[in-house]
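Please treat every number below as a calculation from the coordinates, not as lab data. Predicted model only: the values in this text are computed from it and were never measured. With ideal geometry, Cβ positions are generated from the backbone for all residues, glycine too; neighbour counts draw on all protein chains shown.
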Amino acid sequence: MEILFRQAVQRYGLPPVEAEVLNFIAAAVRAREIGRDPARVFVWMVRHRKWDHITQAQEDYARRALARYRQADSDRFRPDTTKGVGEMN
């Protein structure tokens, strides 16, 4: 998921900030729940930043998932302080 996020940062100009990480993961949750062609839904949401389609429950699930990622590795989805402002590891 982190690799996909980094690709989206480069390809679609998502700012590599905490709020966008959460939106990105929540979009994956939303796309998976829709069931019909989740990959296409996910790409559409990310490309067009359709974060308003994400429910509070989906955001909460994404927040817990992000916490689990970071419990395994605290550097997950964090900006790299040795690079320019806002660039990811």
*How would you rank 40-50, 63-73, highest first, on the average number of other Cβ atoms within 10 Å across their residues?*
40-50, 63-73
*For labels at residue 1 and residue 34 in the simple 7 Å Cα→Cβ model, what's the distance in nm?*
1.8
_5 angstrom amide H check on residue 78, placed H, neighbours 5+ away_ = 89
_For the chain, alpha-carbon Rg and Dmax in angstrom_ = 12.8, 41
*Length gain on complete extension for the stretch residue 74 to residue 55, per 0.36 nm per residue less the alpha carbon to alpha carbon distance?*
4.2 nm
*Might you report the magnitude of the Cβ-based charge dipole of segment 3-85 about its Cα centre, with Lys and Arg at +1 and Asp and Glu at -1, to the nearest 20 debye?*
220
